[in-house]
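Here is the structure we will look at.
Read the figures in this text as sums done on the coordinates, not as results from a lab. Bear in mind that the values here come from a model prediction, so they are computed numbers and not experimental data. All Cβ positions, glycine included, derive from the backbone under ideal geometry; neighbour counts span all protein chains shown.
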Amino acid sequence: MSWGEINLLQNAKTKLNYTKCYNNRCWDSNGNGRIFRRVCELSIALSKICVTMELNIKDLFLTPSMLKGLIDMVETNKISIKQAKEILPKALEEEKDPSKLVSELGITQITDEAEIIKIVTEVISENPTQLESYKQNPKLFDYFIGQVMKKSRGKANPAITAKVLKQELDK
């Protein structure tokens with residue numbers, strides 16, 4: 001067994017304490033475990049970071065309430081789960097609250113539909129050849145998603161982007 005596997009096993013009990021913040025909110029009203037999955041995803045990411053940085057999770061300044069704050073930002077669409085996973089190592093390196101680091105770095109999602117429509121419209125107008133190809137090959141939808149994400153520097157909310165893009169492409 002590697003050092004990393006031993007460390008993960010030793011820290012399993014401690015990671016459970018992080019999930020206690022959400023003990024009463026793990027399931028939404030439809031019985032979906034969305035929040036629980038977010039806690040698990042971030043716990044796994046945190047474990048990997050600890051192994052990579054050779055840290056013990058018990059010694060981190062990161063508290064369960066800080067992790068809860070990060071998950072709340074994901075749940076309210078302020079940031080994506082991908083952005084949350086990217087902010088964790090920075091928060092650990094700089095020993096800062098992830099929520100404060102998100103604010104300092106301006107790492108928030110664009111959720112304003114009007115702003116996303118503007119970006120989508122620009123992308124479509126910049127790619128007339130791909131637009132014509134899309135009409136014969138709807139698989140190019142992912143190309144347009146990628147272009148919107150590139151133009152927004154990954155900040156556009158993926159669900160809103162897909163909805164708006166579908167509407168604009170099918171006009």
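Summary table
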item	result
FRET efficiency for GLU93 and GLN136, using Cβ-Cβ distance with R0 set to 35 Å, rounded to 0.05	0.15
Built amide H within the under 5 Å cut-off of ALA156, gap 5+	ILE110
Entries of LYS150/LYS171; LYS68/LYS135; LYS68/LYS171 with Cα pairs more than 32 Å apart	LYS68/LYS135; LYS68/LYS171
Karplus-derived 3J(HN,Hα), 6.51/-1.76/1.60, for each residue of the range 109-125, Hz, glycine and proline x	7, 8, 10, 6, 4, 4, 5, 5, 4, 4, 5, 4, 4, 4, 4, 5, 5
Distance violations [Cα-Cα > 23 Å] among LYS78/LYS151; LYS90/LYS155; LYS139/LYS163; LYS58/LYS96; LYS90/LYS163	LYS90/LYS163
Where the Cα pairs of the range 38-171 fall when distances are cut into 5 Å bins, in %	2, 10, 19, 17, 13, 11, 10, 8, 6, 3, 1, 0
